[in-house]
Amino acid sequence: MDLHNIRESYKFDSLLELNLESNPFDQFQYWYTSYAELRIKDSNAMAIATVDSQGIPSNRIVLLKAVENNEFIFFTNYRSAKAKDLLSNPMVSALFFWREQERQVRIQGRVVRITKEKSEAYFATRPYLSQIGAAASEQSQPITNRAALESKFSEFQNKFPEGSTVPMPEDWGGFAIQPISFEFWQGREGRLHDRIVYTLEGHEWTTSRLQP
Ligand SMILES: Cc1cc2nc3c(=O)[nH]c(=O)nc-3n(C[C@H](O)[C@H](O)[C@H](O)COP(=O)(O)O)c2cc1C
């Protein structure tokens, strides 16, 4: 497979200090809102990188469900591989790639569990089949075959028919990423991309520009 000839040029926008929000959450909101307006499927997808107890990294997509009180919230299974990684090392890297606007946002931060009440409130708003799916799946655990998975799913559907309340599984809930750094990347012509980093120093965010 030879991909040498794939070459893009970037002209969509610039990211200059004079237009920068002083707070990275405002900057994120500004960029995210403008991306969401494009109505691209899974515009709230982000890659979350964790490392396990042996220092081996893993990465996967999850959906960002809220940014509130300076925390980025996503939901998952607390016994999944990612949750196990987070137990041994709560530091994560989150990554957004917004191709159509030639933008990338990188976040580093510490993860904490959100309260059960908050997770339950969100679980209750999920569509029925997503609730059943969460209840039936021991995420990241092996299973013999697809049929076994579907039979577990049907079992839960019989136990909790549509219209009844599906209880939130014990092992399911939200994590909140508390950022310590952000990098906003805007593609530019001639590979002279803009890279602005926000770093938390005490309670203040400071910015610096990195070479592309
Ligand atoms: C578009 C997309 C959205 C996803 N959203 C979530 C999510 O919000 N939560 C989640 O646990 N997994 C989500 N997944 C599945 C994860 O990428 C991953 O397969 C799963 O969480 C198991 O990861 P782990 O074994 O590393 O814990 C999503 C996958 C894709 C491609």
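The values are calculated or read from the model by the stated rules, or taken from the named source; none is laboratory data. It should be emphasised that the depicted structure is a prediction, and the values quoted were computed from it without experimental measurement. With ideal geometry, Cβ positions are generated from the backbone for all residues, glycine too; neighbour counts draw on all protein chains shown. Keep in mind that these areas ignore ligands, DNA and RNA; they rest on the heavy atoms of the full protein, side chains included. Shrake-Rupley method; radii C 1.70, N 1.55, O 1.52, S 1.80 Å.
What FRET efficiency, computed as 1/(1 + (r/R0)^6) with R0 = 22 Å and r the Cβ-Cβ distance, is obtained for GLN29 and SER181, rounded to the nearest 0.05? Can you show the working numbers first?
On the way: r = 17 Å, r/R0 = 0.78.
The calculated FRET efficiency here is 0.80.
As a check on your grasp of the helix formula, calculate [θ] at 222 nm for the chain: sum -39500 (n - 2.57) over DSSP H runs of n ≥ 4, divide by the residue count, round to the nearest 500.
On the way: 5 runs with 54 residues, N = 212.
Value at 222 nm, helices only: -7500 deg cm²/dmol.
Would you mind calculating the relative contact order of the stretch 32-94 from Cα pairs under 8 angstrom and at least 6 residues apart, reporting the percent as a whole number?
Averaging sequence separation for qualifying contacts and normalising by length gives 33 percent for the stretch 32-94.
Report relative contact order for the stretch 1-121 in percent, whole number only (criteria: Cα-Cα under 8 Å, sequence separation at least 6).
Numbers: 126 pairs, mean separation 24.0, N = 121.
Dividing the mean separation by the residue count of the stretch 1-121 yields 20 percent.
Could you put ARG7, ARG39, ARG209 in order of accessible surface area, largest first, with the 1.4 Å probe and the full protein assembly present? All intermediate terms of the calculation are to be shown ahead of the outcome.
Numbers: ARG7 170, ARG39 205, ARG209 95 Å².
Descending order: ARG39, ARG7, ARG209.
To the nearest 0.05, what FRET efficiency results for ARG39 and ARG60 with a Förster distance of 25 Å applied to their C-beta separation? Don't skip to the answer; put the middle values down first.
Values: r = 24 Å, r/R0 = 0.96.
With a Förster radius of 25 Å, E is 0.55.
Run the simple label-point estimate for THR144 and THR125 please: 7 Å along Cα→C-beta, distance reported in nm.
4.0 nm
How much of the accessible area of the chain, in percent, comes from carbon and sulfur atoms when a 1.4 Å probe is used? The partial results should precede the final answer.
On the way: 6480 of 13050 Å².
It is 50 percent, rounded to a whole number.
What are the GluC sites (Glu not before Pro) within the stretch 6-99 that DSSP puts in a loop, where the Cβ has at most 14 other Cβ atoms within 10 Å? Walk me through the numbers on the way to the answer.
Values: sites: GLU8, GLU17, GLU21, GLU37, GLU68, GLU71; in loops: GLU8, GLU21, GLU37.
Sparse-neighbourhood loop GluC sites (Glu not before Pro): GLU8, GLU37.
Step through the table entries LYS82/LYS116; LYS11/LYS41; LYS82/LYS152; LYS11/LYS82; LYS41/LYS152, compare each Cα-Cα distance with 27 Å, and write down the pairs that go over it.
Values: LYS82/LYS116 19 Å; LYS11/LYS41 23 Å; LYS82/LYS152 23 Å; LYS11/LYS82 36 Å; LYS41/LYS152 29 Å.
Beyond 27 Å between Cα atoms: LYS11/LYS82; LYS41/LYS152.
Give me the accessible area per residue for the stretch 63-183, probe 1.4 Å, as a whole number in Å². Intermediate results must be reported in sequence, preceding the final value.
Values: 6660 Å² over 121 residues.
That works out to 55 Å² per residue.
Given a cut-off of under 8 Å on Cα pairs at least six residues apart, what relative contact order in percent is computed for the chain? Let's see the in-between values first.
Numbers: 341 pairs, mean separation 52.4, N = 212.
Across the chain, relative contact order equals 25 percent.
Could you grab the Rg to Rh ratio for the chain? Cα atoms only, Kirkwood for Rh. Let's see the in-between values first.
Numbers: Rg = 19.8 Å, Rh = 19.4 Å.
Rg divided by Rh gives 1.02.
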